[in-house]
Amino acid sequence: MRTARVGLIAVSGVRVYNERLIRLGVTLPGFVERARVIASMPSLGLLTLAGVTPDDYDITYLESPEFDPALLEPHAFDIVAISSFTAKSDVMYAIADFYRARGTTVVLGGLHCTLLPEEAAGHADAVVAGEGELLWPRVLEDWKLGTLRPIYRNGSFRDVDLARAPVPRYDLLDFERYNRMPIQTARGCHLDCEFCAASKIFGGYKRKPVENVVRELREITRHIAHPFVELADDNTFVDKRWSRDLVRAIGAAEVHWFTETDVSLAEDPELVDLLAQSGCRQVLIGFESPSAASLQGIEAHDWKARRHDGYRRAIDEIQRRGITVNGCFIVGLDNDTPDIFQQIERFVKDSGLMEVQVTVLTPFPGTALYHRLRAEGRLLRERYWERCTLFDVNFVPRKMTVDELEQGLEYLMGSLYTTEEVRRRRLLYLETMRNRRVAA
Ligand code: B12
C-alpha cells in the first residue's frame with residue numbers, strides 16, 4: 001500500500017469581534033505585542049499527535065487561521081486531523097466540510113471537540129474527545145481497516161501516562177514563522193476555577209518526568225540555536241519539589257522561557273531564586289481581581305481570595321529577582337461593580353507589575369460557569385462560540401450591564417496598553433531592579 005498522506009491543520013490566530021477593541025488594538029503596543037506572540041505559536045497538540053503517528057504516514061503541518069480554499073486547495077491528503085479552540089470552531093468545521101467533500105477522511109479533536117463531540121461529529125468521520133496520545137494511533141488503525149467509529153474516548157485521565165509521551169515533531173515546522181516554541185511539562189491544575197476551560201475538562205493534574213522535558217528541549221535546540229520556550233502548562237509549579245528539578249534542567253538547556261503559575265510560587269523563595277538563574281524571563285499569574293469580594297466563590301475553596309492580601313508582595317518577591325510578572329485580571333466576575341475597572345487600573349499602576357492582561361469572564365462550553373449562567377438565563381446566546389475569545393462579551397454580568405462591561409474593558413485597554421503606559425511600567429521595573437542591585 002502506498003504511504004498515506006496526513007494533513008495536520010491548526011486553526012490558529014487570535015480573533016476579537018468587538019470592532020472598537022480591534023481599532024484600539026491596532027495602535028496599542030502592549031496589546032499588539034501579546035497578539036503577535038499568540039499568532040506565532042504552533043499547535044503542540046498536533047505536533048504531539050505527529051509524534052505518535054507510525055512511520056508509514058507522510059505528515060504535513062499547516063496553519064489555517066481562516067477558511068481559505070486557496071490555502072487548502074494545493075494540499076491533497078488521505079486524512080486530515082484538525083484542531084481548534086472554541087472561538088474558531090466554525091472555521092474548523094468549514095475546513096472539515098471542504099475536505100470531506102473531496103473524499104478526504106476528516107478527524108477532529110482538541111478542547112472544543114472534547115467538550116462537544118456530538119456537535120463536531122456532524123462534520124467529521126471521527127472525533128477524538130480527550131487526550132490524543134493513545135486514541136490517534138487507534139483511529140489510524142481503524143481507518144486502515146475501514147472500521148472508523150464516530151467518537152473515540154479515553155477511559156480516564158490516568159490512561160495517558162506523560163512518562164510515555166512522545167517527543168513532539170518540531171521538525172515538521174517552518175521555524176521562520178514562529179518566535180516561541182511550546183513544551184508541556186504538566187497537564188491540568190489543582191485549583192477548580194468555575195471558568196476554567198481546560199483542567200477540569202481533561203480531569204485532573206499530572207506532570208511529565210523531567211528526563212522527558214530534557215529530551216524535548218534537546219529536540220528544540222537541535223533546530224533553533226537560542227529558542228524562547230513557552231511552557232504550555234495550565235499551572236507549572238504545583239509540585240514544588242519536582243519544580244526544582246524541572247527548573248534546574250531547563251536552566252541547563254540555556255534557553256529563555258515563560259510559563260503560567262499560581263501565586264504560591266512567591267511563597268517559595270528558593271524556587272524563585274532557581275528560576276532567576278534558569279533563564280526564566282516571565283511568569284504569568286492569574287490574580288483574577290484586585291477586589292477580595294470579586295474573588296469570592298470563583299473556586300471551591302476560595303484559594304485565591306485567601307491569598308489576595310499578598311498579591312503585591314508576591315509581585316515584588318518575583319520581580320526583584322529579575323523575572324517579570326504578567327498579571328492577569330478577569331472583568332465581569334459576579335461581584336464586579338462598575339468601579340472594578342478603576343480598581344484594576346490603580347492596582348496595575350501601584351503594584352509595579354511589568355505586564356498585564358485583562359480578559360472578560362467567558363463561559364466556554366462545558367465549564368461549570370457555562371452551566372450556571374445558562375440555568376440563570378444569563379447567556380446572550382446558547383451557542384455563542386465565536387465570542388469565546390476572552391475579549392468579547394457573551395453573557396449578562398450580575399452587577400453591571402453588557403454595555404458597561406464592554407466599555408469598561410475598552411477603557412482599561414486604552415489606559416493600560418498605550419505607548420507611554422507600557423514604557424512607564426518598563427522603566428519602573430528596570431529602576432526597581434537597579435535599586436535592589438545597589439542595595440544588595
Ligand atoms: C499554550 C496555550 C496557548 C498558546 C499556544 C496556542 C496554540 N497554538 O496551540 C497561546 C498563548 C498562543 C494561546 C493562545 C490562545 N488561547 Co490558549 N492555551 C494554551 C494552553 C495553556 C495549553 C495548550 C496546549 O498546548 N496544550 C498542550 C497540548 C499537548 O494539548 P492539547 O492542545 O489539548 O492537545 C491534546 C488533545 O486535546 C488532543 N488533540 C488536540 N487537537 C487534536 C486534534 C485531533 C484531530 C486529535 C485526534 C486530537 C487532538 O491531543 C493532544 C494530546 O493529548 C491552554 C490550556 C489547556 N490546557 O488547554 C490554553 C487554552 C487552550 N487557550 C485558550 C484560548 C481561549 C486561547 C485564545 C483564543 C485566547 C485569545 N483570544 O488570545 C488564543 C487562541 C490562539 C489560537 N491559536 O487560535 C483556552 C481555550 C478554551 C476553549 N474552549 O476554546 C484555553 C483552554 C485556556 C483557558 N482560557 O481556559 N494559547
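Structure notes:
- Computed E for Asp245/Gln296 - FRET, C-beta separation, R0 45 angstrom, nearest 0.05: 0.80
- Taking the C-alpha atoms only, the angle from helix 135-145 to the longest principal axis of the chain is near 10 degrees.
- Charge tally in the Cβ shell below 9 Å around Ser89, where Lys, Arg are +1 and Asp, Glu are -1, Ser89 excluded: -2
- Value of [θ]222 nm, deg cm²/dmol, for the chain, DSSP H segments ≥ 4, -39500 (n - 2.57) each, nearest 500: -12000 deg cm²/dmol
- When the Gaussian network model of the chain links Cα atoms closer than 10 Å, the mean-square fluctuations of Thr147, Thr418, Thr362 top out at Thr147.
- For segment 129-267: Kirkwood Rh in Å [reciprocal of mean 1/r, alpha carbons]: 16.7 Å
- Seen from Leu173, the other residues with C-beta closer than 12 Å to its C-beta sum to a net charge of -2, counting Lys and Arg as +1 and Asp and Glu as -1.
- Share of Cα-Cα pairs in the chain lying beyond 41 Å, as whole percent: 15 percent
- Taking the DSSP bridge list for the chain and keeping only pairs wholly inside it, about 10 percent are antiparallel.
- Extension gain from Thr337 to Glu270, taking 0.36 nm per residue of separation minus the Cα-Cα distance: 20.3 nm
- Alpha carbon centroid spacing (whole Å) that separates segment 297-360 from segment 86-119: 36 Å
- Distance histogram in 5 Å bins (all Cα pairs of segment 46-106, percent per bin): 4, 17, 28, 27, 17, 7, 1
- Heavy-atom accessible area ranking, 1.4 Å probe, most first, across Cys388, Cys196: Cys196, Cys388
- Paramagnetic label zone (point 7 Å from Cα along Cα-to-C-beta, Asp56; backbone N under 18 Å) in segment 126-170: 136-148
- Largest GNM mean-square fluctuation across Asp192, Asp339, Asp392, computed for the chain with C-alpha springs under 10 Å, falls on Asp339.
- Dipole of segment 199-283, positive direction: furthest Cα of Ile220, Leu271, His256, with charges on the beta-carbon: Ile220
- Length gained when the stretch Arg381-Tyr411 is fully extended (0.36 nm per residue, less Cα-Cα span): 8.3 nm
- Between the helical axis of 89-101 and the longest alpha-carbon principal axis of the chain there is an angle of about 10 degrees.
- Electrostatic tally near Val80: other residues with Cβ closer than 14 Å to its Cβ, Lys and Arg +1, Asp and Glu -1, net -3.
- Estimated distance in nm for a label pair at Ile22 and Asp90, the labels positioned 7 Å out from Cα along Cα-to-Cβ: 1.3 nm
- Percent of Cα pairs exceeding the 15 Å cut-off, where the set is segment 233-285: 37 percent
- For the pair Arg306 and Ala252 in one chain, pulling the backbone fully straight at 0.36 nm per residue adds 15.9 nm over the alpha carbon distance.
- Whole-number percent relative contact order across the chain, with pairs defined as alpha carbons under 8 Å at least 6 apart: 15 percent
- Normalised by 2.2 N^0.38 Å, where N is the number of residues, the alpha-carbon radius of gyration of segment 316-440 equals 1.27.
The values are calculated or read from the model by the stated rules, or taken from the named source; none is laboratory data. This one's a predicted model, so the numbers in the text were calculated from it and none came from an experiment. So basically every Cβ, Gly included, is an ideal-geometry build from the backbone, and we count neighbours across all protein chains shown. Ligands, DNA and RNA are stripped out before the accessible areas are found, and what is left, the full protein with its side chains, is counted by its heavy atoms. Shrake-Rupley method; radii C 1.70, N 1.55, O 1.52, S 1.80 Å.
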